[in-house]
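K.L.:
Following this message is one structure expressed as structure tokens.
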């Protein structure tokens, strides 16, 4: 399945392109070649899984487009002028998706404690794809990634750099807002 990164599209399935992920991962681990050596289809699949997991985060803001497939883009709750020209996917979100794809999902699938290490010892022991998306830490209970709270907690505890990238855009606890506030009108659907 090919990545669709058209912002606001009803068929979008990724925030980040393979090329962007290549760039982010090479910058994070300059001496590592494992990601670059993966087939394009493998990298796409890892990015799809990362985006799927990220969809369950509790994102801050109002949706922008009718029928947008992904949680982002959003209008900021405090925004006063909803200008279509300012709508974008933050680079930190794209980078976080790439790092989740490689440093969390790939590592979990390969039973590695880091992208370039051998078999896992004290970190991730397994990664389940069917049913609940979950990470297993050996003797510890599995951590389901089907809720934003658990994924955010996992990232905060084990991947602080990813958590810091996403923290301005997500909430670990559902927002308590005055829902009498008027949400902005959604923009027309992206074809």
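K.L.:
What is the order of 110, 94, fewest Cβ neighbours within 10 Å to most?
P.N.:
On the way: 110 15, 94 22.
With the fewest neighbours first, 110, 94 line up as 110, 94.
K.L.:
Please give the contour-minus-distance gain from residue 10 to residue 88: 0.36 nm per residue of separation, less the Cα-Cα distance, rounded to one decimal in nm.
P.N.:
Details: separation 78, 0.36 × 78 = 28.08 nm, distance 1.57 nm.
Stretched out fully, the residue 10 to residue 88 stretch lengthens by 26.5 nm.
K.L.:
Okay, moving on. Report the extension gain between residue 161 and residue 33 in nm, rounded to one decimal, defined as 0.36 nm multiplied by the number of residues separating them, less their alpha carbon distance.
P.N.:
On the way: separation 128, 0.36 × 128 = 46.08 nm, distance 2.03 nm.
Taking 0.36 nm per residue and subtracting the Cα distance, the gain is 44.1 nm.
K.L.:
What ranking of 88, 167, 14 emerges when the number of other C-beta atoms within 10 Å of each C-beta is taken as an exposure proxy, fewest first? If you can, show how the numbers build up before the last one.
P.N.:
Working: 88 11, 167 16, 14 27.
So the ranking, lowest neighbour count to highest, is 88, 167, 14.
K.L.:
For a quick check: sort 44, 189, 19 by the number of other beta carbons within 10 angstrom, fewest at the front.
P.N.:
On the way: 44 20, 189 12, 19 9.
By the 10 Å Cβ count, ascending: 19, 189, 44.
The numbers here are math on the coordinates, done by the rules we state, and not lab data. Worth saying up front: this structure is predicted, and the values here are computed from it rather than measured. Cβ atoms come from the backbone with ideal geometry, glycine included; neighbour counts cover every protein chain shown.
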